[in-house]
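For reference, the structure is listed below as structure tokens.
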Amino acid sequence: ERESEPILETTDLTKKFGSLVANDGIDFSVTDGEIRGLIGPNGSGKSTFFNTVSGFYKPTSGTVRFNGTDVTGWKPYAIAREGLARTFQITTPFEEMTVRDNLLAVPNDDDVDSRERAAEILEFLEIDHLADDLADEMSGGQQKLLELARILMLDPDCIMLDEPTAGVNPALQERILDHIREMNRQGTSFVIVEHDMDMIKQIADTVTVFDQGRVIAEGAFDDVKGDPRVREAYLGS
Ligand code: ADP
Ligand code: MG
């Protein structure tokens, strides 16, 4: 049935750095409309996976399919334009630009009115009052929202978030979660890397656990949490 079509699927995806295997044959599949949590100890390969899937690293082997298209080895902008967007663990706004101009700087080749779209997104994320401020003047948490705002300019079908609430105050964290849920209700799929287990438990439909570059468990948060391999992975780190 159509509902269960994967929007994002990797097959035997491997990324090596010299002799270090950062991602080791990862089979990963996200259903359209899902919020997937991706957890695992430090160094287990989560950020590498994001980088490889989103085109920032070239995979050593394996494939990435998005919306039925093989995007393996595509450039990041081409993958983003296809509808798969991602944020970085460390945000990188153009600090000397205003918040609004940060959005307008996102390359956009459709007919949409960028200014109108930027205004809508800033309002949706409740940072419209900061539109004329320099990105530099925002708090770390607000910069996370700005990064989200920038990728929304691409109208993505699937968003990969690397630690979206790390270092963000609890009130803003709640707002970020609400925005994710609202976008999800409107049809956007998510893959979220997050250290905060409460956050993952609250937001993810299904959780995938990495350890040493491999998938060691997958399922509902409470099932995965009780899995002995998962406990061992976290204790051993
Ligand atoms: P996580 O995000 O789960 O903490 P990473 O994907 O950042 O893990 O790292 C996985 C492994 O790959 C680690 O051993 C890390 O040191 C290594 N690694 C990540 N990026 C690079 C890189 N650009 N060059 C060499 N090694 C890297
Ligand atoms: Mg990481």
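Quick one: in the stretch 3-20, which of the residues that are buried (at least 17 other Cβ atoms within 10 Å of the Cβ) and of a type outside the set (Asp, Glu) is nearest to ligand 1 (Cβ to nearest atom)? Don't jump to the end; show me each part of the working.
So in the stretch 3-20, the residues buried (at least 17 other Cβ atoms within 10 Å of the Cβ) come out as 6-10, 13-15.
Filter once more, so that each one left must be of a type outside the set (Asp, Glu): 6-8, 10, 13-15.
Numbers: Pro6: 22, Ile7: 22, Leu8: 18, Thr10: 14, Leu13: 13, Thr14: 12, Lys15: 8 Å.
For the stretch 3-20, the residue satisfying everything is Lys15.
Of the residues Lys58, Lys46, which single one is of a type outside the set (Gly, Ala, Ser), modelled with pLDDT of 95 or more and away from ligand 2 (no atom under 16 Å from the Cβ)?
Details: Lys46 fails: away from ligand 2 (no atom under 16 Å from the Cβ).
None of the others qualify; the one that does is Lys58.
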- Message: Just the residues that are of a type in the set (Val, Ile, Thr) and part of a loop (DSSP other than H, G, I, E, B), please, taken from the stretch 47-65.
- Response: Thr60
- Message: So, in the stretch 32-43, how many residues would count as being buried (at least 23 other Cβ atoms within 10 Å of the Cβ) and near ligand 1 (Cβ under 6 Å from one of its atoms)?
- Response: 1
- Message: Within the stretch 35-42, does at least one residue satisfy the condition of being more than 16 Å from ligand 2 (Cβ to nearest atom) and either over 12 Å from the mean Cα position of the chain (by Cα) or over 24 Å from Val209 (Cα atoms) (or both)?
- Response: no
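Based on what the data block shows, is Ile79 farther than 21 Å from Ala204 by Cβ, hydrophobic (A, V, I, L, M, F, W, C) and away from ligand 2 (no atom under 16 Å from the Cβ)?
Working: farther than 21 Å from Ala204 by Cβ: yes; hydrophobic (A, V, I, L, M, F, W, C): yes; away from ligand 2 (no atom under 16 Å from the Cβ): yes.
So Ile79 passes the test.
The values are calculated or read from the model by the stated rules, or taken from the named source; none is laboratory data. Just so it is clear, the structure is predicted and the values come from calculations on it, not from any experiment. Backbone-built Cβ (ideal geometry, glycine too); neighbour counts: all protein chains shown.
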